[in-house]
Amino acid sequence: MSLPPLREVIAAHGLSASKALGQNFLFDEHLLDRIAAIPGDLTGRNVLEVGPGPGGLTRALLRAGAQVTAIERDARCLPVLADLSDAFPGQLRVIEGDALKIRGDDLFDQPYAVVANLPYNVGTALFTQWLSGQAWPPRWTSLTLMFQQEVAQRIVAQPGGSTFGRLAVLAQWRSSARLAMKVHRSAFTPPPKVMSAMVHVEPATMPEGVSARMLERVTEAAFGQRRKMLRQSLKALPGAVEALPALDIDPQRRAETLSIDEFVALARSLS
Ligand code: SAM
């Protein structure tokens, strides 16, 4: 069954983009195929797509051979997604709901890749949830997500610069994170105010002897006052300043100069 072009589908169903739901749609099939290729060969793989909207990215994932489960909050999109399900029999399951209230792990028995072009606030909240899990490695095998370019740069940032902070440590201490593709604002309908970028994250080995919660507390204290020296910013965390000399970390340094290994070592010594 051949599908009508996305723009026609949207016009036929009166799917005007809702600002409240952060809707900025992608229509360029070539671009969507490139996004769907970021996680690698998807033939027969489980994919969780959050926010399929009218289904542009969903089509690309289905063309790539994925078994897609899609969570969409906007009921107006459901008839369009049902047509897509008919066109790719047995490949698409659609769940109506708020992705912030549905756990991906409850939807799959098997490992799954996550791919999404989400509203930025929802994307950052989910990203933090997915990376903060206690169980590691997680059931998801990769996260391929659209962010504002500025947020994407903070996720992949290296120590030493002003973009390096809690988000970079969270994304990199037990995962690899890379900026996979920049996406020009003009690619979206309607175009957002800023440029976007796809980030791709894959789980790596978790360092031993350190809890995610303690690392979170360390980065929260250190970056909470990022302009201050560690001997000041870490005062909020009992034992942290005293632990620095044994780790060979100069208390006069500022948080953004510490490597991720140094953050992990500090969290381990307090765990
Ligand atoms: N994936 C489509 C595309 O690339 O053209 C639509 C992207 S649009 C930026 C974001 C989509 O996420 C919209 O369809 C919106 O309704 C949906 N959405 C927003 N908040 C959501 C939430 N909390 N849970 C599930 N879907 C959500």
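Computed quantities for the displayed model
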quantity	calculated
Residues located in the range 74-93, provided they are of a type in the set (Gly, Ala, Ser) and within 17 Å of Leu21 (Cα to Cα)	Ala75
Criterion: touching a His at 6+ places or on another chain (Cβ under 9 Å) and either closer than 20 Å to Ser16 by Cα or assigned by TED's automatic domain parsing to the domain that holds Arg185 (or both) - qualifying residue of Pro52, Pro119, Pro39, Pro111	Pro39
Tabulated pairs, the range 116-138, first over 20 Å from Ala168 (Cβ atoms), second within 16 Å of the ligand (Cβ to nearest atom) and part of a helix (DSSP H, G or I), C-beta under 6 angstrom, 6+ apart or interchain	Asn117/Leu57
Filter result for Thr58 (in the same structural domain as Tyr120 (by TED's automatic domain parsing), farther than 16 Å from Ala180 by Cβ, of a type in the set (Ser, Thr, Tyr) and in contact with a strand residue (DSSP E or B) (Cβ under 9 Å, 6 or more places away or on another chain))	yes
Which listed residue, of Ile10, Ile35, is touching a helix residue (DSSP H, G or I) at 6+ places or on another chain (Cβ under 9 Å), over 17 Å from Met146 (Cβ atoms), within 11 Å of the ligand (Cβ to nearest atom) and among the hydrophobic types (A, V, I, L, M, F, W, C)	Ile10
Residue among Arg213, Arg217, Arg178 that is touching a strand residue (DSSP E or B) at 6+ places or on another chain (Cβ under 7 Å) and either outside any helix (DSSP H, G or I) or of a type outside the set (Gly, Ala, Ser) (or both)	Arg178
Index of the failed condition, Leu258 passing every other in (1) buried (at least 17 other Cβ atoms within 10 Å of the Cβ); (2) within 29 Å of Leu31 (Cα to Cα); (3) in contact (Cβ under 8 Å) with a residue 40 or more places away in the chain; (4) aliphatic (A, V, I, L, M)	(2)
Any hit, the range 64-73, residues being away from the ligand (no atom under 11 Å from the Cβ), surrounded by fewer than 20 Cβ atoms within 10 Å (Cβ to Cβ), over 22 Å from Ala197 (Cα atoms) and at pLDDT below 95	no
Check on Thr163, out of contact with any Gly (no Cβ under 6 Å at 6 or more places or on another chain) and either outside the structural domain of Ser18 (by TED's automatic domain parsing) or outside any loop (DSSP other than H, G, I, E, B) (or both)	no
Asp98 being surrounded by 13 or more Cβ atoms within 10 Å (Cβ to Cβ) and assigned by TED's automatic domain parsing to the domain that holds Phe127	no
Single unsatisfied condition, Phe108 versus (1) surrounded by 15 or more Cβ atoms within 10 Å (Cβ to Cβ); (2) within 13 Å of the ligand (Cβ to nearest atom)	(2)
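The values are calculated or read from the model by the stated rules, or taken from the named source; none is laboratory data. Bear in mind the structure is a predicted one, so any value in this text is a computation, not a measurement. Ideal geometry is used to build each Cβ from the backbone, glycine not excepted, and the neighbour counts take in all protein chains shown.
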